[in-house]
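*Asks:* Please read through the structure below; I'll follow up with questions.
The values are calculated or read from the model by the stated rules, or taken from the named source; none is laboratory data. From a predicted model like this one, the values you see are computed outputs, not experimental measurements. For neighbour counting, all protein chains shown are included, and Cβ atoms are generated from backbone atoms with ideal geometry for every residue, glycine included. The area values use the complete protein model at the heavy-atom level, side chains included, leaving out ligands, DNA and RNA. Shrake-Rupley method; radii C 1.70, N 1.55, O 1.52, S 1.80 Å.
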Amino acid sequence: MGRSRRTIPEELLLLALDPATGTTAQPQSLDLGLAGAQLVELALAGRIAPDGDRIAVVMPRPTGDPTLDSALELLRRRGSPVRAVHWIGGPRLGLRQVYLAHLERCGMVHAVAGQMCGVLPTTRYQATDTAISREIRSRLDSAIRTGVPPDPRTAALAALAHAVGLGKHLYPGNEGRSSRSRLRDLIRHDPMGGLVAHAVMDVQNGVAAQPRRDRVPAPASPPTARGVATGVPLQPRRTGAMARAAAH
């Protein structure tokens, strides 16, 4: 795939990048969102497809994007469809740093070295072209304002932005409440985006990663009274005179 079009993971990270501080909003959940954004981008490229709540590789040919191709190869090695919640919650955290380095190589951001408290080294990232971030934000604003169903890429981006909690970053305060609500509603406009967005939220909410199974009732405790298990009626206990009478 060419570089004429930015990928959804790139756009999600640029949305989260604060131009004032050079840091990213929601850094922990952003890793999960980037993993989900990779799935959406691979689906749009025709490399994977949803299979229920699972993801199946349908074309293992590389896309030409090294970060996406790394994810595609990992999915291919699984050999069978993997649940979206398993993939997103898997041990591949750190994608935020991977994509920040990727954006720097692509010339979309540049790193600014600094220090915290005059001692600890820090790195901030500034967008090299703020027009790109404004264009991404404008697409979201337009979808929210007009109510017109957005294109699949914008719908998926909105769903992931909501899933990782960027709503309060993009539309803060009480005045942004209605925009945050409409951002959430955009999740329904793209099936793949909705699938991965719900998986991102499930991982954050600690939903069990194992598929649900019908609960099998536990076996009843063994009866303590003689005869209950076999259906034989209980006999009265013979004591004293009753026992001697029965003997005769």
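*Asks:* Using the charge dipole of the stretch 2-126 (Lys, Arg: +1 at Cβ; Asp, Glu: -1 at Cβ; taken about the Cα centre), state which of Ala37, Val85, Val57 has its Cα farthest towards the positive end.
*Replies:* Val57
*Asks:* Run the 1.4 Å probe and let me know the accessible area of Thr146, rounded to the nearest 10 Å².
*Replies:* Roll a 1.4 Å probe over it and Thr146 shows about 70 Å².
*Asks:* What are the residues whose amide H is under 5 Å from the amide H of Thr63, where those residues sit 5 or more places off or on another chain and H is modelled from the backbone?
*Replies:* Asp69
*Asks:* Next up: When the Cα centres of the stretch 28-76 and the stretch 84-146 are compared, how far apart do they sit, in Å?
*Replies:* Answer, in whole Å: 19.
*Asks:* Moving to a separate point now. When the chain is fully extended, how far beyond the present Cα-Cα distance does Asp51 get from Ser80, taking 0.36 nm per residue of separation?
*Replies:* Fully extending the segment from Asp51 to Ser80 adds 9.4 nm.
*Asks:* Quick check: at a probe of 1.4 Å, how many percent of the accessible area of the stretch 99-211 sits on carbon and sulfur atoms?
*Replies:* 54 percent
*Asks:* If you plug each phi of the stretch 10-21 into the Karplus form 6.51 cos²θ - 1.76 cosθ + 1.60 with θ = phi - 60°, what whole-Hz ³J(HN,Hα) values come out, in order, with x for Gly and Pro?
*Replies:* Per-residue couplings from phi come out as 4, 5, 4, 5, 5, 5, 7, 6, 7, x, 7, 9 Hz.
*Asks:* For the stretch 1-98, with every protein chain kept in place, what is the accessible area per residue (1.4 Å probe, Å²)?
*Replies:* Value for the stretch 1-98: 44 Å² per residue.
*Asks:* Evaluate the distance, in nm, between pseudo-label points positioned 7 Å from the Cα of Gln126 and of Asp185 along their respective Cα→Cβ axes.
*Replies:* 3.9 nm
*Asks:* Another question, if that's okay. In the stretch 5-82, carbon and sulfur make up what percent of the accessible area (probe 1.4 Å)?
*Replies:* Heavy-atom surface of the stretch 5-82 belonging to carbon and sulfur, 1.4 Å probe: 51 percent.
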